[in-house]
Each structure stands twice: as structure tokens, then as C-alpha cells.
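Here the structure is laid out as C-alpha cells; the discussion comes afterwards.
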Amino acid sequence: MGDATGGPSLLLLVLDLSGIFVFAISGALVAVRRRLDVFGVLVLAGTTGLGGGFLRDVLIDATPPAALSDWRYLLVPVLAGLLTFAFHPALGRAERVVTLFDAAGLGLFCVTGAVKALEYGLGPVPAALMGMVTGIGGGIARDLLAGRTPAVFSSELYATPALLGATWAVLATLAGFVEVAVTVPGALLCFGLRMLALWRDWKAPLPRGPASV
Amino acid sequence: MGDATGGPSLLLLVLDLSGIFVFAISGALVAVRRRLDVFGVLVLAGTTGLGGGFLRDVLIDATPPAALSDWRYLLVPVLAGLLTFAFHPALGRAERVVTLFDAAGLGLFCVTGAVKALEYGLGPVPAALMGMVTGIGGGIARDLLAGRTPAVFSSELYATPALLGATWAVLATLAGFVEVAVTVPGALLCFGLRMLALWRDWKAPLPRGPASV
Amino acid sequence: MGDATGGPSLLLLVLDLSGIFVFAISGALVAVRRRLDVFGVLVLAGTTGLGGGFLRDVLIDATPPAALSDWRYLLVPVLAGLLTFAFHPALGRAERVVTLFDAAGLGLFCVTGAVKALEYGLGPVPAALMGMVTGIGGGIARDLLAGRTPAVFSSELYATPALLGATWAVLATLAGFVEVAVTVPGALLCFGLRMLALWRDWKAPLPRGPASV
């Protein structure tokens, strides 16, 4: 189950579904903070959880996306949305809780996105970029729909940890590492760097001169 | 014409083009309300009318989308845009006129989207969801481009009627109903529920607790 | 190199990469004006430069997009972003500099988009529209991400020059013109009309009556 020929390995499936779950929670929390109703919460949970993977699968021509042919990919964001709707006071509704789940999703998706892109024949550099795009895509869709400034444009490092995690996954795959050594360190690298950047307020260089808007 | 092998049946084609027409009018009315010029009206009419179907066709790998290989799919939103531009005072420009055309498009697209997804081999649950996505996709594109809060996040039921209409279309297809019994009740179910929700102000449950934004 | 069987001709490749370069500069300048950091500048440069082509390639089923299989397509927006980040005071940061680069990208992309769509078997009318969509797609993505009103809804002509340039490219291709006579006049026609519209303040007809928003 999940380990069959042609499908992803069990480990990759678990990591992919975990990424969908935590991203969907981040989307559902944004919806709760905006006082959307239960269906708005589910739509934003689904968009955030599945958006990055949809974008990746359409670009690498892995259509129809897994989310449309495998019921587990649909069940997970629905569960995440309903759980968040029911238990959000326990989860906490502060912006930093959204950010925590978002960072976890970023770490998981940058790795699974890069590995899947390699499997579909992309070269190392495009595969690493596709990992980054998978990671940041869901959050961009969430923030556009909710009328927020996309997290990727926040002042702390965001795209860079995703790119580094994806780069690890690509290099480790090319070096022939076993799957758990490809995926887990890459995801932890991205998640750790993102959380460190938030905690220590690491910022990337800004343009010189005064703002002109 | 339209009934050839491989193409959709005449009934499905008529329903699909009708959905494009009414969605395009809703987009054109939003553009008129924003005082966009005639080309802005045409762009928003085209995006709204064709956006949901583009999204569906890309996701189920039915590319190039019908809109790019069949001139009728291009003519319809252009006509809808020009008619709206010329006759908008007669159509009325109140927000509830936009909403009426939007509900009609929602009903038509949730059904044609679900039926097309089934034809392309999707399972029943993904096909119903794809019907919902086809229905809400065009309106989301319209509202993002026009800088409005997406209708799907409005306080009255929106995604639910689309999901129910699409579910009818899937179940009726699986039960072997003739096409007219698949499509017409499904579209009316969705349209009727949406209008009832607006009229009776049906709202879905909201999250507990105060807003924290 | 670039002229191999199956790939685009050298001229088309140069025009496509030039379009990516100037659009990426327009995106990077918007990011600089918004005081985004260096990675925000790179993300907006990449989205603006590659967005229209991604949309085109996904719609005409030319996946994976060239940008994911050819490293030159990735290098160009990164270079454009870094150059803009380093030298933006020299480039100027006024809105009209953004507009100038945007118009150049519009001219280049409407032509390469139309020619590529013809190569992939689309009819003349859809191919011209796909050229227009390729031209306006990157700018729409840039403006949505940066929270600006899309340039296509600005009061001066925008989509029309792109449609006319793409129409030239389609007609000249059908008439059997050599490639340089297909591409260069089409790009200049679009760029010239857009700049004239900005300079002379050409506006398309507006809807009658007062605004009702």
C-alpha cells in the first residue's frame, strides 16, 4: 500500500501527506483568524495543502495530480480543516502558530518536490528549484486568497531555507544515499533554518537607498 | 456538429457554453462597476468565463483546453463582454445582478466539470471535487484580478451548492441516467441552493471565539 | 546550440530570453520599490520573467516548460534580478522605468508566444490569443504578488498592442515570411503602440454612466 511499483515509496508518501496536513492547518488557521465560515476554512485548508503539489505536478506533467487520483490526498486537508475549526482555541490562533505550521510544511514539501521532480527526469538545478516552488506555492495561494502579503515576501528568510533543503535532497539522491538520508536531513535543514531566521530575526540584504513608493 | 465522436455531446456543449456566457457577464459587470475600459471588460469577461475550465482541463490533462481549439469557446466570452459593455444600464449594475449571473455559472460549471472529469477517468470523489473547482475557479480568478474578496469566502453558502450539484451529476452518471437527467437537476440544485442561501441569508457555522486579527 | 532539430531557432531563443530578461527587470524594480529583500527581488524577477511562458506552456501542453529543462531560462531572471538589486539607482526607480521594461517584454512575448502556439498546432485565432496571454501573464502574476492593480487594467491600451503584435506574427507565419520578418515587426508594433498609448495617453472607450461602486 503506497509501496507498489510506480507509486511513491511509503516514506515519501508519509512525508508528502504530512506536508499537506501541516500546510492545511496553516491555511485553516488563517481562515479562522479572518472569521471565515467552516466552508471557507475547508477551501483555504485545501488550497494551502494541495496548491504547491498541484503547481509542481502540472509543471512536470505528472497529471492528473496525485490529489485527484488518491483519496488520501483529499482526506488529509479535510481532516486538517475540520480539526482546526473545532479545536483552534487549543491550537492557538497567534500569527506565530501559523508560521510554525507553515515552516514545517515548507521543510516537507521542498524535499518531496525535489525528489519527485528528479523522478520525472528534471536536471539537478531545475529539480532543486521545483522543490522550492512546491514549498512556497501553497503559502502563496493561501496568502493571495486571504488578501495577505505572501509570506515569501516577509522580511525573514523564507525561500532560501526551502532552496537549501531541496538542494540537499537533490545532492543526496545523486550521491546514491538511502531515502531516509535524502529526505529527513533536507526537511530538518529547511525547517531549522526557517525557525532560526524567525527567532534570530535573520534578514536578507535590502536594496540601498530610500523607499520610493 | 458538437456531437462527433470524441467531442462532447450537444447538450454538454450547450451547457458549457452557457456557463461561460453567464460567468463572462458576471466578470464584465464587475469590470464595468470598476470603470475599466472596453478591453479591461473583455479581459475580465474572458478570465471569468474561461478560468474555471482552464483550471479543470490543465488538472485532468485535457490539454490544450477546449477554449484553445474550438472557436466557439472564444467567441462566447467576447460576445458576453461586448453585450455587457453596450447594454449594462439595461442589465443593471447592482452587486446582486453580478451575484445572479455568478450563481447561474456556478450551477452549469459544477455539472459540466464533474461530467468531464468522469470522462477523463477520475474517480467519483475527485470528479465531484473537480466539478466544484470548475465552478468556483472562474469567480476566484475574477475576484483576485479585480481586487475583491473571493465570492467563495462570502458569508453565504457558495462552495457547498457547487459540491452538491456536482455530486448529483456524478451519482446520476454512475447510476446510468440519461444525460439530461444528469445535468439539468444538478445545475438547478446548485443554482437553487445558492439563490436560497442568498435570499434566506443561510450561513455556515463560524469559528467560536472573538476575531484575533 | 539552440538550433538543433526539435528546439526553437536561435532567433526565437534570443527573443524569448530577451523577453524574460526585460520582464524580470520590471519585476525586480517593483520589488525594489516595495523594499523587498534580495530574495524577494529574485522571486518577483523569476515570477514576472517566467510566468507568462509557464502559463503558455501548460495550456498548450508543452510540458515540462522550457524554463525547467534549459538552464539558460533559469539563469536569465536570476541575472536580471541581481543586476537590478545591485544597480537600481542607475536604472532609475520611477514607475515609468518599470513601464518601459514591461512594454519591451510585452512586445517580445506576444510574438514568441504566438509562434510557439502555432508550432504546437493551435489555429490562427487561438494562437494570436495565446500570444497575448503569454505577454500579459507575467505582468499579471507580478502585480498580484506585489498587491498592485494589474497593468492590464491601467487606463492606457495594454492588451490591444499585444494582440496586434501576436496577430502580425500569426499572419506573417501563415504567409510564409522568413522568421525575422515574422518576429521583429510584430514585437516593434506591440512595443511602439504601447509606448505611443502611454505617451499620447490613448485610452479605450469607458463604460457609460457614473461609477456605481
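Each chain gives up part of its surface: A and B jointly bury about 2400 Å² of accessible area, both sides summed, for a 1.4 Å probe. Per residue, the solvent-accessible area of region B:10-200 (1.4 Å probe, heavy atoms of protein chains only, all protein chains present) comes to 35 Å². For region A:10-200, the relative contact order comes to 25 percent (Cα pairs under 8 Å, sequence separation of at least 6).
Projecting the Cα atoms of C:ALA104, C:LEU15, B:SER18 onto the charge dipole of the protein assembly as shown (Cβ charges, centred on the Cα centre) puts C:ALA104 farthest toward the positive pole. Each Lys or Arg adds one and each Asp or Glu takes one away; over the other residues whose Cβ falls under 10 Å from the Cβ of B:ARG194, this sums to -2.
Against the compact-protein benchmark of 2.2 N^0.38 Å, the Cα-based radius of gyration of region B:10-200 scales to 0.95. Rounded to the nearest 10 square angstrom, A:TRP168 shows an accessible area of 90 square angstrom against a 1.4 Å probe. The accessible-area loss of region A:23-43 on complex formation, taken against its chain alone with a 1.4 Å probe, reaches 40 Å² or more at A:ARG33, A:ARG35, A:LEU36, A:ASP37, A:PHE39, A:VAL43.
Result for chain B in a Gaussian network model with C-alpha springs under 10 Å: among B:THR99, B:THR134, B:THR84, the largest mean-square fluctuation is at B:THR99. Give the Debye-formula value of log10 I(q)/I(0) at each listed q (0.07, 0.11 Å⁻¹), with one equal scatterer per alpha carbon of the protein assembly as shown, two decimals each. The Debye formula, applied to the Cα set alone, gives -0.42, -1.12.
Report, to the nearest whole %, how much of the accessible area of chain C belongs to carbon and sulfur atoms, 1.4 Å probe, protein only. That fraction is 72 percent.
Label-point spacing for B:ALA181 across the identical copies (point 7 Å from Cα in the Cβ direction), in nm and ascending order: 6.3, 6.3. With a cut-off of 10 Å between beta carbons, the residues surrounding A:TYR158 carry a summed charge of -2, where Lys and Arg count +1 and Asp and Glu -1. Figure note: A:PHE177, A:PHE191 ranked by solvent-accessible area, largest first, 1.4 Å probe, ligands and nucleic acids not counted: A:PHE177, A:PHE191. For the residues of A:61-67, the average number of beta carbons from a partner chain within 10 Å of their own beta carbon is 6. Site pair C:GLU95 and C:TRP71 shows an inter-label distance of 4.1 nm when each label is modelled 7 Å from Cα along Cα→Cβ.
With the cut-off at under 17 Å, measuring from each backbone N in region C:114-134 to a point 7 Å along the Cα-to-Cβ line of C:LEU171 picks out C:114-115, C:124-132. A loss of 30 Å² or more of accessible area (1.4 Å probe, protein heavy atoms, ligands and nucleic acids excluded) relative to the isolated chain is seen in these residues of region A:137-168: A:LEU144, A:LEU145, A:PHE153, A:THR160. Assuming charge only on the beta carbon of Lys and Arg (+1) and of Asp and Glu (-1), the dipole of region B:67-213 about its Cα centre is about 320 debye to the nearest 20. Once you reduce region A:60-127 and region C:165-193 to the center of their Cα atoms, the two points are 43 Å from each other. Rolling a 1.4 Å probe across all protein chains gives C:HIS88 an accessible area of roughly 0 Å².
Over the protein assembly as shown, DSSP H runs of length four or greater, each weighted -39,500 (n - 2.57), average out per residue to a 222 nm ellipticity of -25000 deg cm²/dmol.
At the residue level, A:MET195 shows approximately 60 square angstrom of accessible surface with a 1.4 angstrom probe and all protein chains present.
The values are calculated or read from the model by the stated rules, or taken from the named source; none is laboratory data. In this text the structure is predicted, and so the values were computed from the model without any measurement. As a convention, Cβ positions derive from the backbone with ideal geometry for all residues, glycine included, and neighbour counts pool all protein chains shown. Surface areas here come from the heavy atoms of the whole protein model, side chains and all, with no ligands, DNA or RNA. Shrake-Rupley method; radii C 1.70, N 1.55, O 1.52, S 1.80 Å.
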